[in-house]
Structure formats: structure tokens, C-alpha cells
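Here the structure comes first, spelled out in C-alpha cells, and everything after it is commentary.
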Amino acid sequence: MNVLFCYDGPITKGPLGEYYTIGLTNEVLSRYYSFGDTLSLLIRVDEKTDIGQLSKITISPLSVISVPEIKTLSGILKNSNRAKSIIRDAVRNSD
């Protein structure tokens, strides 16, 4: 079973493709594996080279589905249709 966890985020994607966060830790994410075998995380993703004090997400298997910014007026106008399509596909592909 594929579990879909939708979270406003954002999380940070590092230069080598790994993910980092402050509040969304491995411990928090591991709770959702009791509902299924795989976990997909639908979230806004910021790409940065400076990680700072963020914690690395190492839990596996984890699929990160990046959704564009729609919290601002310009984000709604530019990204609304694309965000809806990504969200719709993610829900269809989850249990």
C-alpha cells in the first residue's frame, strides 16, 4: 500500500539530491509506515546549497513529490493548474 502524506512544508533539497528539514523528521515520517509499505510525501521543495542546521531525512523508501508554490497571489496565478494536476496524480497513485 502506498501512503500519501501531504504537507505544506517546505523541505530543502540539497545539492546531492538529499532532503533536509526542521520539523518533519525521520521519527515523524516513520509513523506513516504503519499504514502501508511505501510513503510518498507531497510537499513544496526548496533547492539550496547551504543546508545550515537542518536535519537530513534518511527514512526509506520515501518518494518526494514536489508541488509548486500556491500560497501567494502570483503563485496561484502562475502555478494553480500545474499544482492541481500534480496533486490529482499523487492522490490517484496512492491507496
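Observations, loosely collected:
- Evaluation of Lys78 against (1) open to solvent by 30 Å² or more (accessible area, probe 1.4 Å); (2) in contact with a helix residue (DSSP H, G or I) (Cβ under 7 Å, 6 or more places away or on another chain) (one fails), failing number: (2)
- From Asp37, Asp50, residue being surrounded by fewer than 11 Cβ atoms within 10 Å (Cβ to Cβ) and within 25 Å of Arg88 (Cβ to Cβ): Asp37
- Residue check, Leu24 more than 19 Å from Arg88 (Cβ to Cβ) and either more than 15 Å from the chain's Cα centre (by Cα) or open to solvent by 50 Å² or more (accessible area, probe 1.4 Å) (or both): no
- Residue check, Leu73 open to solvent by 70 Å² or more (accessible area, probe 1.4 Å), more than 14 Å from Ser94 (Cβ to Cβ) and either touching a Pro at 6+ places or on another chain (Cβ under 6 Å) or not β-branched (Val, Ile, Thr) (or both): yes
- Exactly one residue out of Leu16, Leu24, Leu39 is aliphatic (A, V, I, L, M) and part of a strand (DSSP E or B), and it is Leu39.
The values are calculated or read from the model by the stated rules, or taken from the named source; none is laboratory data. Computed from a predicted structure; not experimentally measured. Neighbour counts are summed over all protein chains in view; Cβ atoms, including those assigned to glycine, are modelled from backbone coordinates with ideal geometry. The protein model used for the area step is the full one, side chains on, heavy atoms only, and it has no ligands, DNA or RNA in it. Shrake-Rupley method; radii C 1.70, N 1.55, O 1.52, S 1.80 Å.
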